[in-house]
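The values are calculated or read from the model by the stated rules, or taken from the named source; none is laboratory data. Note that the coordinates shown come from a computational prediction; the quantities given were computed from them, not determined experimentally. Backbone-built Cβ (ideal geometry, glycine too); neighbour counts: all protein chains shown. Please note that ligands, DNA and RNA were not included when accessible areas were found on the heavy atoms of the full protein model with its side chains. Shrake-Rupley method; radii C 1.70, N 1.55, O 1.52, S 1.80 Å.
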Amino acid sequence: MLIDTKLCESAVAPSPSSPTCLSPISESWALPGPSPGEAFGRKGPCILKRLGSRPRDLAYVAFFLMQIPGTIILDLQAVCPSWVVVPERAKYLTDLYMSVTNDPIVGSVGGYFGEGVQRQFVWLWWFMCIEVFFQLPTFFYAAYNLYFNTNPSRLYPLLVAYGVSTAMSTLPCLTVILTTPSAGASNTAQFRSAALNPSESGALTPGLTSTQRYLLLWSYLPFFVLPLLIAIDMACRVQKLAHVGWMIKRSKID
């Protein structure tokens, strides 16, 4: 199917007199991007309307913003050096989370089950480093640019890398949850006590009740599925950007 090169050029440099924020390019090749004036301060109702008309981007913005508190409270604590003083309130939230879920991932990396188990999960500690130093800044950058519909040439490849890395690092976590030994009701009280008093938990090993296992699976599964979908979606957008750029370049050569 041939694409009118003039139509492609108008998508890159739309007329300032356009009465709407919609790109003149056909819907099948519509590429999210700022309309005239948006990149230079005209951030009014037009941008809000565009965000509402992009349900996928709206869902991505909500997803990224939702991850920020959990990453700071749980993962950042796990990778902090021992000499860093963690605020008591943040530490209490992590202890409370462990007392409810007995999460074998956060608990093992955070030392809730003793140094022996913590050393076995050093590979997961590196995954958390990636989340803190790569994914956390990406949350802010992606949420901002998706909201204002800017920098697609930088944002889309970044989100491909984010989606792939997040899905691949979450998959082993799901495996850990599925293979963690079951814990009976009598052991649950021990794990809950250990979570609220981590210094006394050196002799314990991770264990989950059926309810905790289902809770954790449903908590971690979206962080495998959604980033994978984001990676696929952004890869398609990159391909469309490359196609439109190639059509414009060919039109100039012709």
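Assorted remarks:
- When each of the peptides 131-143, 106-118 is scored by the mean number of other C-beta atoms lying within 10 Å of its residues, the order from highest to lowest reads 106-118, 131-143.
- Using the Karplus relation 6.51 cos²θ - 1.76 cosθ + 1.60 with θ = phi - 60°, the per-residue 3J(HN,Hα) values for segment 241-248 come to 4, 5, 5, 5, x, 5, 5, 5 Hz, with x marking Gly and Pro.
- Separation of alpha-carbon centers, segment 102-169 and segment 207-226, rounded to whole Å: 17 Å
- Per residue accessible area in Å² of segment 50-103, where ligands, DNA and RNA are left out and the probe is 1.4 Å: 55 Å²
- Under 5 Å from the amide H of residue 208 lie the amide H atoms of 182, 183, each residue being 5 or more positions distant or on a separate chain, with H modelled from the backbone and absent for Pro and chain starts.
- Each residue of segment 213-228 is assigned a 3J(HN,Hα), and the resulting list reads 5, 5, 4, 5, 4, 6, 7, 8, 4, x, 7, 9, 6, 5, x, 5 Hz, derived from the Karplus form 6.51 cos²θ - 1.76 cosθ + 1.60 (θ = phi - 60°), x at Gly and Pro.
- Taking θ as phi - 60° and the Karplus parameters 6.51, -1.76 and 1.60, the scalar couplings of segment 78-85 work out to 5, 9, 5, x, 5, 7, 7, 7 Hz in sequence order, x denoting glycine and proline.
- Taking the 1.4 Å solvent-accessible surface of segment 65-163 as the whole, the part contributed by carbon and sulfur is 70%.
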